[in-house]
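S.K.: Quick one: the structure is below, and I'll ask about it shortly.
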Amino acid sequence: MLPEQIEKYIVEHFANVTTSENYGYKFFFYGDDQRIPFVTLATTDNEHDSISNLNRPGVFRINLGVTKATFSSLFNDTSTTWDFKTLNTIMPHPDYAAQHFVCVLNPEGQILDQTLEMIDEGYNIAKKRFDRINNS
């Protein structure tokens, strides 16, 4: 699935999604809050992030927030060393793992299916946060 197809999937499958672009990233938020994206599509390296070598032809990274339980089930071995240039592997986000963010470069097959499920999870987290903040 290409970044454009993932973007189309997000905006067609989820209500009240807003976006913004900066640094070669496309950010997806629930509602107009735009503080914490539930998904980010990164298509190029920039001055703040080049760990995944996204300047390779056709390479992109999806960053997304998941629940603590999902994160823990994926990464129970904290001694693992990650190569953030690896394609089609779900990894802890290189900078935001402590906030339960994961990343994957060019997901395909079963990893794509798992990524789409995590996008749904991230959307639900963002919606609950938005509703809690705006209904307080």
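S.K.: Hey, which lysines would be in cross-link range of Lys127, C-alpha to C-alpha under 21 Å, not counting anything within fewer than 8 residues on its own chain?
M.R.: Here the lysines satisfying the reach criterion relative to Lys127 are Lys8, Lys26, Lys68.
S.K.: Moving on to the next point. From the list (1) 41, 16, 15; (2) 22, 18, 14; (3) 42, 15, 11, can you say which value of semi-axes √(5λ) of the Cα gyration tensor in Å was derived from the structure given?
M.R.: Computed from the coordinates, semi-axes √(5λ) of the Cα gyration tensor in Å corresponds to (2).
S.K.: For segment 11-74, state which chymotrypsin sites (Phe, Trp or Tyr not before Pro) are in a DSSP loop and have at most 16 other beta carbons lying within 10 Å of their beta carbon.
M.R.: Sites meeting the loop and neighbour criteria: Tyr23.
S.K.: Taking the Cβ of Asn46 as the centre, find all other residues whose Cβ is under 14 Å away and add up their charges (Lys, Arg: +1; Asp, Glu: -1).
M.R.: -3
S.K.: Counting only helical runs of four or more DSSP H residues, what would the 222 nm mean residue ellipticity of the chain come to if each run contributes -39,500 (n - 2.57) and the total is spread over all its residues?
M.R.: -10500 deg cm²/dmol
S.K.: By the scheme Lys and Arg +1, Asp and Glu -1, what is the net charge of all other residues having a beta-carbon under 12 Å from that of Leu105?
M.R.: Neighbourhood net charge equals +1.
S.K.: For a quick check, take a GNM of the chain with Cα springs below 10 Å and name the residue from Gly31, Gly109, Gly122 with the largest mean-square fluctuation.
M.R.: Of Gly31, Gly109, Gly122, the Gaussian network model singles out Gly109 as fluctuating most.
S.K.: For the chain, take the longest principal axis of its alpha carbons; what is the angle in degrees between that and the long axis of helix 3-13, to the nearest 10 within 0 to 90?
M.R.: 20
S.K.: Got a sec to turn the phi values of segment 122-129 into Karplus ³J(HN,Hα) couplings, 6.51 cos²θ - 1.76 cosθ + 1.60 with θ = phi - 60°, whole Hz, x for Gly and Pro?
M.R.: With the stated coefficients, segment 122-129 comes to x, 4, 5, 4, 5, 5, 4, 4 Hz.
S.K.: Only bridges whose two residues both fall in the chain count here: according to DSSP, what percent of them are antiparallel, nearest 5?
M.R.: Once the DSSP bridges in the chain are tallied, antiparallel ones form about 95 percent.
S.K.: Compute the signed sum of charges (Lys and Arg +1, Asp and Glu -1) over the other residues within less than 10 Å, Cβ to Cβ, of Arg129.
M.R.: Spelling it out: positives minus negatives among the neighbours equals +2.
We did not get these values from a lab; they are worked out from the coordinates using the rules stated. Predicted model, so just to flag it, every value in this text is computed and none were measured. Here Cβ is always computed from backbone atoms with ideal geometry, including for glycine, and neighbour counts include all displayed protein chains.
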